[in-house]
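Notes for the one structure printed next.
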Amino acid sequence: MASGGQHLPPQTQELQPGKEHIMEPTPQPISDEYKPANKLQALSLSLSLSLSCASGKVALVTGGDSGIGRAVCYCFAQEGATVAFTYVKSQEFKDANDTLQMLRQIKKHDAKDPIAIPAELGYEENCRKVVEEVVNAYGRIDILVNNAAEQYERSCITDITEEQLERVFRTNIFSYMHVSKFVVKQMKAGGCIINTTSVNAYKGHKTLLDYTSTKGAIVAFTRALALQLADKGIRVNGVAPGPVWTPLIPASFPEEAVANFGKEVPMGRAGQPYEIAPSYVFLASTPDSSYITGQVIHPNGGTIVNG
């Protein structure tokens, strides 16, 4: 069920991108109301194989251990995909392990076991190794979701250090470039890339200057890469969520801001991860979105952008 009116008590965390298992209330990555329809089931082209020999598409989700990434992993698994995801190498394993265990419970019988890969994605070689590990495990990647992100609240541009600026750009946009580059080298026609941007790319955020800049870059990256890969039969789209209750929030803002998070949007509340994940399923599903590329979907609680 939706989280309308759900109270968010004051809370904060010290480290990015935050820990989901200590949040109160815990974000909701999955909904009983979601009805899977095998949208990511990839049937063999061989007419001699029966339906029982079908195998799900292979998806790689960066930052899939918590928040929106976790919800996307769950939805993809429910729709028949085999799922691999990354998590921050320096973080404790609990969030990633919780995601892994749930994926094992909900995956379709013909999907392969999920894998969790620790990685610092801001560096090209690390991204290459991640893609290599997934391809070695599953033989291919059909769907890439670039989702890893971090953000730091600063009241003035003069407070943003060079170290912070580089770190945010490495995580939020360099990783998208690097992972996409290595995935594209092996991705076949019919594959797709989905990039997580933000409503802040369109309306700005005065205390998340560097983060907002990376999200604007992701929109431009999405449109340009879509043009570049169109003739290869690979679609590239984006999702620009509004305020969503994820570990990034208590890891980014002071307690009083967390308590009021999401109240400014027309729907009057923060979204839950499970309310965002179906947008990714739609963009990953060939029957649903085969003629859509270079576009951005806006599940944001009613904020008007590009109007």
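Overview of values
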read-out: Flag for residue 282 being touching a Phe, Trp or Tyr at 6+ places or on another chain (Cβ under 8 Å) and on the phi < 0 side of the Ramachandran plot; value: no
read-out: Top-ranked residue of the stretch 263-288 - restricted to ones that are touching a strand residue (DSSP E or B) at 6+ places or on another chain (Cβ under 9 Å) and free of Cβ contacts under 8 Å to residues at least 60 places away in the same chain, ranked as nearest to residue 20 (Cα to Cα); value: 279
read-out: Flag for residue 49 being modelled with pLDDT of 95 or more and either of a type in the set (A, V, I, L, M, F, W, C) or outside any strand (DSSP E or B) (or both); value: no
read-out: Qualifying residues in the stretch 121-146 (those that are in contact with a strand residue (DSSP E or B) (Cβ under 7 Å, 6 or more places away or on another chain) and of a type outside the set (A, V, I, L, M, F, W, C)) - the one surrounded by the most Cβ atoms within 10 Å (Cβ to Cβ); value: 146
read-out: Spans of helices (runs of 4 or more DSSP H) in the stretch 199-307 with at least 3 residues crowded, with 16+ Cβ neighbours inside 10 Å; value: 200-203, 209-229, 273-284
read-out: Scope the stretch 135-157; condition of a type in the set (A, V, I, L, M, F, W, C) and assigned to a helix (DSSP H, G or I); matching residues; value: 135, 137, 157
read-out: Test set (1) of a type outside the set (Lys, Arg); (2) farther than 28 Å from residue 81 by Cβ; (3) in contact with a helix residue (DSSP H, G or I) (Cβ under 6 Å, 6 or more places away or on another chain) - residue 252 fails condition number; value: (3)
read-out: Positions within the stretch 226-281 being closer than 30 Å to residue 39 by Cα and of a type in the set (D, E, K, R), in sequence order; value: 231, 232, 235, 269, 275
read-out: Checking residue 161 against (1) crowded, with 16+ Cβ neighbours inside 10 Å; (2) hydroxyl-bearing (Ser, Thr, Tyr); (3) closer than 30 Å to residue 255 by Cβ; (4) more than 19 Å from the chain's Cα centre (by Cα), the condition it does not meet; value: (1)
read-out: Tally, over the stretch 61-107, of residues that are within 16 Å of residue 22 (Cα to Cα) and surrounded by 18 or more Cβ atoms within 10 Å (Cβ to Cβ); value: 8
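So that you can scan it fast, the table gives a plain yes or no per residue for (1) within 30 Å of residue 290 (Cβ to Cβ); (2) at pLDDT 90 or above; (3) touching a strand residue (DSSP E or B) at 6+ places or on another chain (Cβ under 8 Å):
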position: 9; (1), (2), (3): no, yes, no
position: 15; (1), (2), (3): no, no, no
position: 32; (1), (2), (3): yes, yes, no
position: 35; (1), (2), (3): yes, yes, no
position: 43; (1), (2), (3): yes, no, no
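The values are calculated or read from the model by the stated rules, or taken from the named source; none is laboratory data. Computed from a prediction, not measured in an experiment: that's the story for all the values here. No Cβ is skipped: glycine too gets one built from the backbone with ideal geometry, and neighbour counts run over all protein chains shown.
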